[in-house]
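The values are calculated or read from the model by the stated rules, or taken from the named source; none is laboratory data. All values reported here derive from a predicted model rather than from experimental measurement. For neighbour counting, all protein chains shown are included, and Cβ atoms are generated from backbone atoms with ideal geometry for every residue, glycine included. The protein model used for the area step is the full one, side chains on, heavy atoms only, and it has no ligands, DNA or RNA in it. Shrake-Rupley method; radii C 1.70, N 1.55, O 1.52, S 1.80 Å.
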Amino acid sequence: MRALVQTGYGSPARVALQEVPRPVPGPDDLLVAVHAAGLNAADRLLLRGEPFAIRALAGGLRRPRAGFVVGRALAGRVEAVGADVRDFAPGDEVLAESTGAIGELAVVPARLAARKPVGLTFAEAAALPIAAATALASVRSVSRGQRFLVTGASGGVGTFAVQLAVAKGATVTGVCSERNAALVRKLGAERIIAYEKTTAAALGSTGERFDVILDLAGNYPVPALRRILAPGGSLLLSAGTGGRWLGPARRMLKALITSGRQVRPLTVRPNSADLSELAGMVATGQIRPVIDDIYTFDESPAALDRIDRGWVAGKIIVAVAE
């Protein structure tokens with residue numbers, strides 16, 4: 001079968017479509033014919049191999065393991081099921097967070113897969129794993145009437161976070177570039193902060209305070225974000241710089257040590273229940289994936305290059321099966 005294989009760390013020149021062995025599912029797995037795959041920030045970090053700690057996901061410190069297939073979010077149709085799988089059958093349409101997404105076939109642990117509602121396209125379904133699941137975790141404690149601020153509001157996670165917070169009745173402020181302001185307003189944000197024009201010192205100049213801040217961009221210092229937290233509020237960290245070894249983890253660890261209980265890293269554990277909930281919300285029109293562009297399977301190296309260059313509004317999707 002064909003798949004997008006990463007042979008080294010660095011630039012998008014290190015990936016290419018290659019023939020690889022057909023994957024074999026274990027007793028608790030599904031073999032899925034991939035129809036669409038969604039690219040995420042983690043794919044860019046794995047491509048660059050920085051921070052170095054992320055290289056463990058690719059199976060090698062010097063280079064990825066042989067035959068390492070790019071992608072961790074997919075949607076497709078079940079081809080075969082393992083001997084111990086009871087909840088899925090061949091022909092079922094599913095979405096999942098799993099390795100090796102940008103290939104004609106992928107092995108998916110059944111516990112990480114969810115059924116795709118009939119009303120969703122495969123491209124829409126592939127946008128949900130990782131990005132929407134991260135956004136869902138960020139709004140779990142949000143309640144009606146609270147003030148919610150999200151940096152990186154026009155990105156893959158941010159576009160979902162804005163919509164999910166609005167759906168819970170929060171008043172949302174989005175931090176994004178000026179060119180994406182109209183998009184973020186359309187998703188439900190009542191106020192936009194253009195990060196190009198707003199310094200850390202000016203961030204709290206209006207006197208507004210927020211009950212929950214989701215920091216996806218990492219472009220403001222943690223102390224500046226803490227200053228605009230309401231009493232009892234929460235600052236959720238999911239990004240930032242911090243060196244070649246630990247990357248964002250260094251910033252988060254420092255914040256945990258110095259900033260107390262109001263600050264915590266946003267952690268997400270993949271599970272089928274969250275994907276089912278999100279897919280149902282898309283099917284009923286409560287939220288919608290924002291898709292920046294869809295690339296063909298043959299164009300998948302260019303799709304990864306697009307993620308690597310940045311300036312993506314929403315999600316980049318690879319249509320593996322036309």
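Report every pair of residues separated by at least 6 positions or lying on different chains whose Cβ atoms are under 8 Å apart, first residue within segment 195-207 and within 16 Å of Arg226 (Cβ to Cβ), second open to solvent by 90 Å² or more (accessible area, probe 1.4 Å) and at pLDDT 85 or above.
Leu203/Arg227; Gly204/Arg227
Restricting attention to segment 125-143, report how many residues are in a helix (DSSP H, G or I), out of contact with any helix residue (DSSP H, G or I) (no Cβ under 6 Å at 6 or more places or on another chain) and either among the hydrophobic types (A, V, I, L, M, F, W, C) or open to solvent by 10 Å² or more (accessible area, probe 1.4 Å) (or both). Talk me through it step by step, then tell me what you get.
Residues of segment 125-143 that are in a helix (DSSP H, G or I), as a first pass: 125-126, 128-138.
The next check asks that each one be out of contact with any helix residue (DSSP H, G or I) (no Cβ under 6 Å at 6 or more places or on another chain); those that pass are 125-126, 129-130, 137.
Okay, now just the ones that are also either among the hydrophobic types (A, V, I, L, M, F, W, C) or open to solvent by 10 Å² or more (accessible area, probe 1.4 Å) (or both), so 125-126, 130, 137.
Here the count works out to 4.
With respect to the numbered conditions (1) at positive phi; (2) small (Gly, Ala, Ser); (3) out of contact with any Leu (no Cβ under 9 Å at 6 or more places or on another chain), which one is the sole condition not fulfilled by Ala181?
With (1) at positive phi; (2) small (Gly, Ala, Ser); (3) out of contact with any Leu (no Cβ under 9 Å at 6 or more places or on another chain) applied to Ala181, the lone miss is (1).
What residue, among those in segment 224-245 that are modelled with pLDDT under 90 and surrounded by fewer than 16 Cβ atoms within 10 Å (Cβ to Cβ), is nearest to the chain's Cα centre (by Cα)?
Checking each candidate, the answer is Thr241.
I need the full set of residues from segment 263-272 which are open to solvent by 60 Å² or more (accessible area, probe 1.4 Å) and without any contact (Cβ under 8 Å) to a residue 40 or more places away in the chain, in order please.
Arg264, Arg269
I'd like the residue in segment 81-106 that is within 23 Å of Asp298 (Cβ to Cβ) and among the β-branched types (Val, Ile, Thr) and, out of all such residues, is surrounded by the most Cβ atoms within 10 Å (Cβ to Cβ).
Ranking the qualifying residues of segment 81-106, first place goes to Ile102.
When both residues are 6+ apart or on different chains and their Cβ atoms are under 9 Å apart, which pairs have a first residue that lies in segment 222-236 and is within 21 Å of Arg140 (Cβ to Cβ) and of a type in the set (S, T, N, Q), and a second that is modelled with pLDDT under 90 and open to solvent by less than 30 Å² (accessible area, probe 1.4 Å)?
That search, which allows pairs on different chains as well, returns Ser234/Val263.
Please list, ordered by first then second residue, the pairs with beta carbon atoms under 7 Å, 6 or more apart or interchain, first in segment 24-43 and among the polar types (S, T, N, Q), second assigned to a strand (DSSP E or B).
These pairs meet every condition: Asn40/Ala73.
Working only within segment 11-41, note down all residues that are open to solvent by 50 Å² or more (accessible area, probe 1.4 Å), at pLDDT 95 or above and either acidic (Asp, Glu) or not in a loop (DSSP other than H, G, I, E, B) (or both). Break it down into steps so the answer makes sense when it comes.
Quick first cut of segment 11-41, residues open to solvent by 50 Å² or more (accessible area, probe 1.4 Å) only: 13-14, 18-19, 21-22, 24, 27-28, 41.
In the following step, the residues that additionally are at pLDDT 95 or above were identified as 18-19, 21-22, 24, 27-28.
Once the filter is applied, which keeps residues that are open to solvent by 50 Å² or more (accessible area, probe 1.4 Å), at pLDDT 95 or above and either acidic (Asp, Glu) or not in a loop (DSSP other than H, G, I, E, B) (or both), segment 11-41 yields Gln18, Glu19, Asp28.
Given the criteria of a type outside the set (D, E, K, R) and under 20 Å from Arg269 (Cα atoms), does Gly156 qualify? Spell out the reasoning first.
Values: of a type outside the set (D, E, K, R): yes; under 20 Å from Arg269 (Cα atoms): yes.
Yes; evaluated as a whole, the condition is true for this residue.
Being in a loop (DSSP other than H, G, I, E, B), open to solvent by less than 30 Å² (accessible area, probe 1.4 Å) and in contact (Cβ under 8 Å) with a residue 12 or more places away in the chain is the filter here; which residues of segment 60-80 pass it? Walk me through it before giving the result.
So the first thing to find is which residues in segment 60-80 are in a loop (DSSP other than H, G, I, E, B), and the list is 60-68, 70-72.
Next cut, open to solvent by less than 30 Å² (accessible area, probe 1.4 Å) only: 60, 64, 68, 70-71.
Once the filter is applied, which keeps residues that are in a loop (DSSP other than H, G, I, E, B), open to solvent by less than 30 Å² (accessible area, probe 1.4 Å) and in contact (Cβ under 8 Å) with a residue 12 or more places away in the chain, segment 60-80 yields Pro64, Phe68, Val70, Gly71.
Would you pick out the residues in segment 209-219 that are in contact with a Leu (Cβ under 9 Å, 6 or more places away or on another chain) and at pLDDT below 90?
Taking segment 209-219 as the starting set, the residues that turn out to be in contact with a Leu (Cβ under 9 Å, 6 or more places away or on another chain) are 209-216, 218.
Gly218 - this is the single residue of segment 209-219 that is in contact with a Leu (Cβ under 9 Å, 6 or more places away or on another chain) and at pLDDT below 90.
Would you pick out the residues in segment 151-192 that are open to solvent by 10 Å² or more (accessible area, probe 1.4 Å), touching a residue at least 40 places away in the same chain (Cβ under 8 Å) and outside any loop (DSSP other than H, G, I, E, B)?
Correct list: Gly156, Val157, Gln163, Ala167, Asn180, Leu183.
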